[in-house]
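In what follows, a structure is listed as C-alpha cells, so that the remarks can point back to it.
The values are calculated or read from the model by the stated rules, or taken from the named source; none is laboratory data. What you see is a predicted model, and the numbers here were worked out from it, not measured in a lab. Here the Cβ is made from the backbone with ideal geometry for all residues, glycine too, and neighbour counts use every protein chain on show.
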Amino acid sequence: MEDLDIKQITISDIENNYKNLGNKLFERDIIKHLSFEIGLFNKRNVEMDYLCIFKNNINIGCGILVYKDKRKKQEFAYEKQLVNLPNSCLLKNCYIEKPFRNKGYFSLMFSNLKQRAKSHGFEKMVLAVNKNNVNAFEIFKHLGFKPLKSIFVNDENFIVMEKELFDV
C-alpha cells in the first residue's frame, strides 16, 4: 500500500536540503533555483505556501502558491510583464516528477493548493505556462484554467491562464 503525504515546506527546509524530512528531494541546482525564487517572493513582501507531495517518504512533486493580502491588488511580475488580477493568487513551479506522472498525483496536489487558496479567501488562481509546454497547457485546461493572454519573457512565449475557485 502506498503512503501519500502533502507537506508544507519552508525556506529553511530547502536550504537544509530537506534534512528535516529525512531524504533528498531534488538535485542541488533545482534547490538553488527554488531558494532564489522564494527569496525573490519574500523580498516582494508576498506570502506563499510551498507544498511537496511524497510517496513512501520520497518527494515526487511540488507546487508554490504565491499571494498578498486578498484585499490588495495582486501584482505578479514575469520579468517586465505584470499580471494584475484582483482577488487572485499565483500558482508557480507546479509539477510531478516524470516517473510518477499520469497516476493522479498532480490532481491530488492541485486540489490541496486550490483548497489553500480558497481558505485564504481568494476567488481565482492564475498561472503562466510556456506556450511550448503543450502537455502542461492541456493539464491546466482540463483542471478548468482558461487562457487570458500571451506574454513574452526572455524571448519565450507564455500563456497566462486563470481559474475560478468557486463554482458559479
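In this structure, does K114 turn out to be in a helix (DSSP H, G or I), of a type in the set (D, E, K, R) and within 14 Å of I64 (Cβ to Cβ)? If you could, list the steps in order and put the result at the bottom.
Working: in a helix (DSSP H, G or I): yes; of a type in the set (D, E, K, R): yes; within 14 Å of I64 (Cβ to Cβ): yes.
Yes: the conditions hold for K114.
Give segment 141-168 a look and list any residue that's modelled with pLDDT under 90, acidic (D, E) and either under 18 Å from the mean Cα position of the chain (by Cα) or part of a strand (DSSP E or B) (or both), or say none.
Once the filter is applied, which keeps residues that are modelled with pLDDT under 90, acidic (D, E) and either under 18 Å from the mean Cα position of the chain (by Cα) or part of a strand (DSSP E or B) (or both), segment 141-168 yields only E156.
Every residue, every condition in (1) among the small types (G, A, S); (2) free of Cβ contacts under 8 Å to residues at least 24 places away in the same chain, yes or no:
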site	(1), (2)
S88	yes, no
K103	no, yes
F110	no, no
E138	no, yes
K141	no, yes
F158	no, no
E162	no, no
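Hey, E97 hits all of (1) at pLDDT 90 or above; (2) touching a Gly at 6+ places or on another chain (Cβ under 8 Å) but one; which does it fall short on?
E97 satisfies every listed condition except (1).
Looking only at segment 105-137, which residues are over 16 Å from the mean Cα position of the chain (by Cα) and either charged (D, E, K, R) or surrounded by 12 or more Cβ atoms within 10 Å (Cβ to Cβ) (or both)?
Across segment 105-137, the qualifying residues are G121, E123, K131.
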